[in-house]
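The values are calculated or read from the model by the stated rules, or taken from the named source; none is laboratory data. Source: prediction; values computed, not measured. Cβ coordinates were reconstructed from backbone atoms using ideal geometry, including for glycine residues, and neighbour counts include every protein chain displayed.
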């Protein structure tokens, strides 16, 4: 699990390669509604938790890797200072 639903955000992740599932938990059952796939052909890197870090909110979704991923991370304090 990369980030669980309703947990405090401490880092922003930038997915470089691989795929992750984005979902939510309802009545203790997990539903995945979206899949983010990153590869060499895509020109935009997908950030995770950027909105939550900027607005100091909890995670509204859960993120889990589907296969091996490569990602960069930056701490919340450093990300907010950078922006």
Among the residues in the range 18-27, are any in contact with a helix residue (DSSP H, G or I) (Cβ under 7 Å, 6 or more places away or on another chain), modelled with pLDDT of 90 or more and part of a strand (DSSP E or B)?
no
Which one is surrounded by the fewest Cβ atoms within 10 Å (Cβ to Cβ) among residues in the range 37-61 that are more than 27 Å from residue 81 (Cα to Cα) and in contact (Cβ under 8 Å) with a residue 12 or more places away in the chain?
40
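Restricting attention to the range 20-36, which residues are free of Cβ contacts under 8 Å to residues at least 40 places away in the same chain, surrounded by 12 or more Cβ atoms within 10 Å (Cβ to Cβ) and within 12 Å of the chain's Cα centre (by Cα)? Spell out the reasoning first.
Looking only at the range 20-36, we keep the residues that are free of Cβ contacts under 8 Å to residues at least 40 places away in the same chain, and these are 24-36.
Checking which are surrounded by 12 or more Cβ atoms within 10 Å (Cβ to Cβ) leaves us with 24-25, 30, 32, 36.
The answer is 36, and nothing else.
Give the residue, chosen from 17, 76, that is touching a residue at least 60 places away in the same chain (Cβ under 8 Å) and surrounded by 14 or more Cβ atoms within 10 Å (Cβ to Cβ).
On the way: 17 fails: touching a residue at least 60 places away in the same chain (Cβ under 8 Å).
Only one candidate passes the filter, namely 76.
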